[in-house]
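Laboratory data are not the source of any read-out in this text; all were calculated from the coordinates shown. The model shown is predicted, which means the values in this text are computed figures rather than measured ones. Cβ sites come from the backbone with ideal geometry, for glycine too, and all protein chains shown count toward neighbours.
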Amino acid sequence: MSREEKKTAGASAVAGESWLPPVGHPVWVWCTGYRTMATLDAKGIWRSLADGKELKGVVRAIRPR
């Protein structure tokens with residue numbers, strides 16, 4: 001997966017910069033119509049923390065403070 005693809009695969013813009021969490025680190029993500037806890041796997045796929053299923057429609061990751 002290219003750097004540009006990773007930016008669009010759920011990155012959030014905070015003060016103009018893109019951000020993705022480390023692989024396996026749980027964060028809140030905005031999906032189409034809801035928000036949930038998820039992790040990013042080694043292949044760049046967002047997975048639900050609750051059941052490990054692939055999440056579709058991730059809009060952005062919410063960067064912790």
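Restricting attention to segment 36-55, the residues that are more than 11 Å from the chain's Cα centre (by Cα) and under 19 Å from TRP19 (Cβ atoms) total 3.
Each residue in segment 46-65 was checked for being assigned to a loop (DSSP other than H, G, I, E, B) and in contact (Cβ under 8 Å) with a residue 24 or more places away in the chain, and 6 pass. Across segment 16-45, the number of residues qualifying as touching a helix residue (DSSP H, G or I) at 6+ places or on another chain (Cβ under 7 Å) and in contact (Cβ under 8 Å) with a residue 40 or more places away in the chain comes to 2.
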